[in-house]
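Nothing in this text is a laboratory measurement; each read-out follows from the coordinates by a stated rule. Given the structure is predicted, the values throughout are model-derived calculations rather than measurements. Every residue, glycine among them, receives a Cβ derived from its backbone with ideal geometry; neighbour counts consider all protein chains shown.
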Amino acid sequence: MSILIDETKKVIVQGITGREGMTRTRLMMEYGTRVVAGCTPGKGGQEVLGVPVYDTVFEAVETHGDFDVSVVYVPAPLVKNATLESIEAGIKLIVLVPDRVPIWDVMEIARAAELSGATFVGPNTLGVLSVDRAVLGMIGGNAASAREWFKKGNVGVASRSGGITSSIGYYLCQAGIGLTTLVHVGGDPIVGLPHPKVMELFEQDPDTEAVVMFGEIGTSQEEQVADMIELGKFTKPLIAYIGGKAATSGTRFSHAGAIVEGNTGTHEGKVRRLREVGVTVVDEFGDIPDATMKLMNSLN
């Protein structure tokens with residue numbers, strides 16, 4: 001199985017006629033994603049890679065029926081309206097690729113999603129890839145690379161860094177460790193699907209036997225995962241690496257959401273808390289494959 005996406009899900013791409021939207025739609029389709037329609041206001045009636053384009057999501061729904069997923073490639077100031085349109089059209093999973101989305105807009109999106117029972121990934125995400133099934137967003141860069149880098153197996157990947165998401169997947173597979181689904185939760189302070197929610201999904205996936213998590217300073221996502229483990233809500237083996245060890249208070253580490261404020265969200269605190277509940281926390285990024293292999297061998 002997989003989480004979030006597979007080849008059966010109907011997908012619409014908002015902003016499909018833009019350069020980025022067009023390029024990433026090609027990746028998604030060539031990898032096996034079922035992209036049924038696109039949406040760009042004022043561009044209705046066109047086609048992109050054989051995919052019909054509509055002025056609104058509602059028009060696409062009228063023609064093709066309900067969609068499972070929307071992938072959003074529009075400028076940051078337009079993300080809120082595009083996402084709210086998808087939510088109002090009944091779409092339950094929205095992937096918000098753009099960065100620099102205003103935080104107040106994200107809060108409004110989060111409220112609307114909660115009220116409608118929808119979920120969103122991001123903003124500021126490379127997306128989600130379920131190996132050999134489908135991809136949402138732009139993990140892998142192109143379909144050929146994604147197929148070469150990521151091999152099917154039993155380990156899930158969740159990361160707060162887009163580049164690190166791909167890197168973890170690549171190095172695990174180079175070490176002979178296959179994957180189920182890779183999720184880039186997004187690099188902003190508020191994201192729709194933070195680590196704890198991703199762990200809930202991996203917990204329910206029978207094919208995922210263990211998870212590798214890349215965490216960072218800032219926010220309390222990793223501490224919340226530790227709380228889940230302590231409460232028995234996440235029971236699968238977890239290997240973690242926390243970035244930002246050298247960052248000091250008030251210094252942003254790579255992403256807007258990776259910043260230590262006062263005594264919260266520190267590298268030391270995250271590592272200590274995860275180890276308290278039995279997580280395998282590695283000190284060096286390069287140690288992830290070996291640690292994962294040892295853990296997987298112990299399960300067999």
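The longest stretch of the chain left intact once loop-based GluC sites (Glu not before Pro) with at most 13 other Cβ atoms within 10 Å are removed from consideration, loops following DSSP, is 8-283.
In the chain, the longest principal axis of the Cα atoms and the axis of helix 103-116 are about 80 degrees apart.
Taking 25 °C and 0.890 mPa s as conditions, the chain diffuses translationally at an estimated 127 µm²/s according to Stokes-Einstein applied to its Kirkwood radius (Cα pairs). To the nearest 10 degrees, how steeply does helix 195-204 sit against the main Cα axis of the chain, on a 0 to 90 scale? Approximately 90 degrees, to the nearest ten. Histogrammed with a bin width of 5 Å, the alpha carbon distances of segment 10-121 distribute as 2, 13, 26, 25, 20, 10, 3, 0 percent, first bin at zero. For the chain, DSSP calls about 25 percent of its internal beta bridges antiparallel.
I'd like the antiparallel share, as a percent to the nearest 5, of DSSP beta bridges with both residues in segment 150-299. Counting only bridges with both partners in segment 150-299, antiparallel ones make up about 10 percent. Cross-link pairs exceeding 32 Å between alpha carbons, from the set 80/151; 270/294; 80/294: 80/151; 80/294. Segment residue 233..residue 297, full-extension length gain: 20.7 nm, with 0.36 nm per residue of separation and the alpha-carbon distance subtracted.
Return one number: the angle in degrees, 0 to 90 and rounded to the nearest 10, between the long axis of the Cα atoms of helix 288-299 and the longest principal axis of the Cα atoms of the chain. Helix 288-299 sits at roughly 80 degrees to that axis. Solvent-free Debye calculation, one equal scatterer per alpha-carbon of segment 74-125: log10 I(q)/I(0) at 0.13, 0.14, 0.21, 0.32 Å⁻¹ equals -0.23, -0.27, -0.62, -1.44. For the pair residue 59 and residue 224, label points projected 7 Å from Cα toward Cβ lie 3.8 nm apart. For residue 154 and residue 81, a Förster radius of 45 Å and the Cβ-Cβ distance give a FRET efficiency of 0.65, rounded to the nearest 0.05.
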